[in-house]
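Peer 1: Structure in structure tokens, see below.
The values are calculated or read from the model by the stated rules, or taken from the named source; none is laboratory data. Note that the coordinates shown come from a computational prediction; the quantities given were computed from them, not determined experimentally. FYI the Cβ positions are ideal-geometry reconstructions off the backbone, even for glycines, and counts take in every protein chain you see. The protein model used for the area step is the full one, side chains on, heavy atoms only, and it has no ligands, DNA or RNA in it. Shrake-Rupley method; radii C 1.70, N 1.55, O 1.52, S 1.80 Å.
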Amino acid sequence: MSAAREHWGSRLGFIMASAGSAVGLGNVWKFPYMAGENGGGAFLIIYLGCVVFFGFALVMAELLIGRMTQSNPVGAFRKLGGRGWPAVGAMGVLTAFIILSFYIVVAGWTLAYILFMGENTFSGLNIDESTAIFTGFVASPIQPLIYAAIFTVLMVGVVLGGVASGIERASKWLMPLLFVLLVVLAIRAVSLPGAGDGVAFYLMPDWSRVTAGTWGGAISQAFFSLSLGMGAMLTYGSYMSREQNLPRDASLVVGLDTLVALLAGLVILPAVFSAGMEPSAGAGLTFMTLPTVFAQMPAGAIFGLAFFVLLAIAALTSAVSLLEVVVSYLVDDKGFTRFTAASSAGVVIFLLGIPISLSQGVWKEITIAGMTFLDFADFVTAQVMMPAGGLLIALFVGWRLGPRAVEALKSHPDQRLPLAGLWLFILRFVAPLGIAWILAQGFFE
């Protein structure tokens, strides 16, 4: 007989953990540079529209599947769908696994930059010198792997503590700290000389810069930011009490995640404009441009240190949720103990991270479809597996469950969804169209 399933110790714990799952590198690292590349305010408005129109609906769908079944992604689809549907859950587990293999590498960079900022490494350096430090670091065959290993140990350590004592307890401490750091950094950024131009760029839409790629990028970013299509929300939903008000709590999770993304943009873009640098610097904005920006600010070393601590916290809370997807599957379906599942998964993930880290240096010339290992893993998960998983979840809840899903929300009077018909309509038609756009952008852009 299997042990009784763990549950969240409190509603606050669930909200903090779920928000931590959604809040990750996608919010603090990816969102600001995506906005910078795609016209600032115009991208922001389109992104918010994506979150409202189908992001929230899919978060609700994943949490509901988990709560209805009290099971991991594979078991959940087996219970509710039968036949081939467990493959959808298996794809979620595999997606989480692949994402973690490169996530630990990038998260390791954030740990290294905490040390760099503490040592005031970037004082007096220009953007070219800052870029040289970054490219030299990631090209090293050993250094990035040491930091990736440290991050992996932290991640596994939290998950080993279990749902309430590990994940929930860590989230209750880390998430408030993340918000405090974000607010302090945002206040500092907007008060810098010349920051007003950055605020205007970020908040005032320039529709002339909007392209088909802007729309696809905003939809994809909403997906990645909310941890959709990778089994994380479903797994966290499986630890929910049936007495919890799912629509209300889901809206809080989505709201907190979106707030973090908005604040991250308000930290980075005004600071970049204040330093007279280019907001469309792309993925290197965080690790190559920002250190130089912080170096030019009064007390910049302190604020730079705070920023990379913030980035590491966001990475950890999100990585923990992805590892929990894998662990819940191994515990529920394969009979592993939590210790064996978490530790063995951590070892395999780190081993997969080795070629991904080396692809930034000595293995840079080894490519798949013209992409490095890191770029390929990112492309396959963000542009193919996550959208495909989200599409199948939307169709499953919208059509296979249909009214049954609405009834599952009505198990208690205060859990009714006022616009249940609209929710189903979005899952049946709106979300699939938006997700189809992501897939089209990935293959035909």
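Peer 1: Share of the chain's accessible area from carbon and sulfur, percent, 1.4 Å?
Peer 2: Taking all protein chains in place, the chain shows 68 percent carbon and sulfur surface.
Peer 1: Over the chain, give the accessible area per residue in Å² for a 1.4 Å probe, as an integer.
Peer 2: For the chain, the solvent-accessible area averages 37 Å² per residue.
Peer 1: Next question. Indicate the gyration tensor shape class of the stretch 170-245 (rounded, prolate or oblate), computed on the Cα atoms with a ≥ b ≥ c the square roots of the eigenvalues: a/c under 1.5 is rounded; otherwise a/b larger than b/c is prolate and the rest oblate.
Peer 2: oblate
Peer 1: For the chain, set up a Gaussian network in which alpha carbons nearer than 10 Å are linked by springs, and say which option among 109, 215, 399 fluctuates the most.
Peer 2: With Cα springs under 10 Å in the chain, the top fluctuation among 109, 215, 399 is at 399.
Peer 1: My understanding is that a pair violates if its Cα-Cα distance is over 31 Å; which of 30/410; 30/79; 30/364 do that in this structure?
Peer 2: Exceeds cut-off: 30/410; 30/79.
Peer 1: Test of understanding: what is the full-extension gain from residue 79 to residue 433, defined as 0.36 nm times their sequence separation minus their Cα-Cα distance?
Peer 2: Separation in residues times 0.36 nm, less the Cα-Cα distance, equals 124.7 nm.
Peer 1: I've got another one for you. Show the residues, 5+ positions off or on another chain, whose built amide H is closer than 5 Å to the amide H of residue 40.
Peer 2: Answer set, sorted by chain and number: none.
Peer 1: How far apart, in nanometres, would the label points at residue 248 and residue 180 be if each is projected 7 angstrom from Cα along the Cα-to-Cβ direction?
Peer 2: In this crude spin-label approximation the distance works out to 2.7 nm.
Peer 1: Looking at the square roots a ≥ b ≥ c of the eigenvalues of the Cα gyration tensor of the stretch 233-357, which shape do they give, rounded for a/c under 1.5, prolate if a/b is larger than b/c, or oblate?
Peer 2: Taking the square roots of the gyration eigenvalues as a ≥ b ≥ c, the stretch 233-357 is oblate.
Peer 1: Kirkwood hydrodynamic radius of the chain from all distinct Cα pairs, in Å?
Peer 2: Every distinct Cα pair counted, the radius reaches 21.9 Å.
Peer 1: Moving on to the next point. Mind checking which helices in the chain clear 27 Å along their axis (Cα) and have mean Kyte-Doolittle hydropathy of -0.5 or more, DSSP H runs only?
Peer 2: Once both thresholds are applied, what remains is 86-118, 169-190, 246-274, 300-334, 338-358.
Peer 1: While we're on this one: Given springs between every Cα pair under 10 Å in a Gaussian network model of the chain, which of 308, 14, 116 has the largest fluctuation?
Peer 2: With Cα springs under 10 Å in the chain, the top fluctuation among 308, 14, 116 is at 116.
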